[in-house]
Amino acid sequence: MSEAPAGRQNGPNDGAEQLFELPAELAIDTDIARRVIVDFIRNQLRQAGFARGLLGLSGGIDSALVAYLTAEAVGPENLLCVLMPYRTSSPASVEDARVVVERLGCASDLVDISPMVDGYFGRDGEPGATGAAKEEASPLRRGNLMARERMCVLYDRSVTWSGLVVGTGNKTESLIGYTTLFGDSACAFNPIGDLYKSQVRQVAAAIGVPEQIIRKAPSADLWPGQTDEAEAGFTYPELDRLLFWMIDKRRTDEELLAMGFPGTTVERVKRLVAISEFKRQVPPVAKLGPRTTGVDYLYPRRRPGSARR
């Protein structure tokens, strides 16, 4: 694949240190993106009859960017960031999350989810709610449960905070299914769901997300040393370029191969997109009556009278 320019925190010719790799075709006008997303957050809350939002702040770039955008949209006093580490989570992740909270001046909670996860799977030879398992739960099972426990916490806190849960998933992860259904993918609305990971980095740099968060390797923090790119087997700039041409530009396999994308990678990514389609849609309903919700009884979220009073 061709060389791509590196993203910068400032302009392209000011000598600023390179922060990340930004494929040329994925570069966007960050001022426009920022304005659109901030208006989107404000309008989604207003239409639902809420003034406040909350989100899970992991210390990663996605949730940090959404925190900055939400604070800009409704004010930091109307934002709650919930830090939810597990006992094996990196201490640096919690520290980075605290930096975001301090810079924004928003409210925050810290909820250790270790007792919840360990209470189900067990720990140190002591059985959990599942009983005496024949073998240790896999990292995938633990990671999925962690994601869902975090969402349980967020939706419970949404009651006491009187706010909507704001999503923090990006377009890259959504397209390849690198999300947990009813876990990190659950939310009332998603401000960065149409931004590829490379574009998340670009907007984050423009809005002032701390450099140490932009620079560090993306990780779901499922186990010590785990990184998204090592687990997936390709870098986000490579994956983003392929998804951009495959999904946004609808290039055929032959065209993608002619552009220099490896055939094995094209096939693998196509399969990931296809088999994860169920994660991006609401559950299908078996149609029996004359008007079925989600099929032919459809109304936009802006339906008059939908706001709470």
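The table for this structure:
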read-out: Whole-Hz ³J(HN,Hα) from phi, Karplus 6.51 cos²θ - 1.76 cosθ + 1.60, for the range 163-176, glycine and proline x; value: x, 9, 6, 9, x, 10, x, 9, 5, 4, 5, 5, 5, 9
read-out: Candidate aspartates and glutamates for bridging to Lys216, where Cα separation is under 16 Å - those fewer than 8 sequence places away on the same chain excluded; value: Glu17, Glu21, Asp62, Glu95, Asp96, Asp228, Glu229, Glu231
read-out: Whichever lysines have a C-alpha closer than 25 Å to that of Lys249, once near sequence neighbours (fewer than 8 apart) are set aside; value: Lys171, Lys197, Lys270, Lys279
read-out: Added length on full extension, which subtracts the Cα-Cα distance from 0.36 nm per residue, Arg250 to Tyr299; value: 14.7 nm
read-out: Stretchable slack from Phe278 to Ala48, in nm (0.36 nm times residue separation minus alpha-carbon distance); value: 80.2 nm
read-out: Cα-based Rg and Dmax for the chain, where Dmax is the largest Cα-Cα distance (Å); value: 20.4, 64
read-out: Amide H within-cut-off set for Glu21, under 5 Å, with H built and near neighbours excluded; value: Gly7
read-out: Burial order of peptide ranges 44-53, 192-201, 146-155 (average beta-carbon count within 10 Å, highest first); value: 192-201, 146-155, 44-53
read-out: From phi via Karplus (6.51, -1.76, 1.60), per-residue ³J(HN,Hα) for the range 190-195 in Hz, x at Gly/Pro; value: 10, x, 10, x, 10, 10
read-out: Fluctuation leader among Pro284, Pro262, Pro210 - the chain, Gaussian network, Cα springs under 10 angstrom; value: Pro284
read-out: For the range 234-271 versus the range 128-172, the gap between their alpha-carbon centres in whole angstrom; value: 31
read-out: Backbone N under 18 Å from the Asp39 label point (7 Å along Cα→Cβ), restricted to the range 46-75; value: 46-48, 69-75
read-out: Interchain or long-range residues, amide H under 5 Å from Phe189's placed H; value: Gly167
read-out: Extended-chain gain in nm, criterion 0.36 nm per residue less alpha-carbon gap, Thr227 and Thr160; value: 20.7 nm
read-out: Whole-number percent relative contact order across the chain, with pairs defined as alpha carbons under 8 Å at least 6 apart; value: 21
read-out: Under 15 Å from Lys287, Cα to Cα: aspartates and glutamates that are on another chain or at least 8 residues apart; value: Asp296
read-out: Computed log₁₀ I(q)/I(0) - Debye formula, equal Cα scatterers, no solvent, the range 170-222, q 0.17, 0.18, 0.22 Å⁻¹; value: -0.60, -0.68, -0.97
read-out: Residues whose placed amide H lies under 5 Å from that of Leu80, excluding near-sequence neighbours; value: Gly53, Leu54, Leu55
read-out: Per-pair calculated FRET efficiency, R0 = 30 Å: Ala258 and Ala27 via Cβ, rounded to 0.05; value: 0.85
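None of the figures in this text is laboratory data; all of them are computed from the coordinates on show. Quantities reported herein were computed from a predicted structural model and do not represent experimental measurements. Using ideal geometry, Cβ is built from the backbone for each residue, glycine included, and neighbour counts are taken over all protein chains shown.
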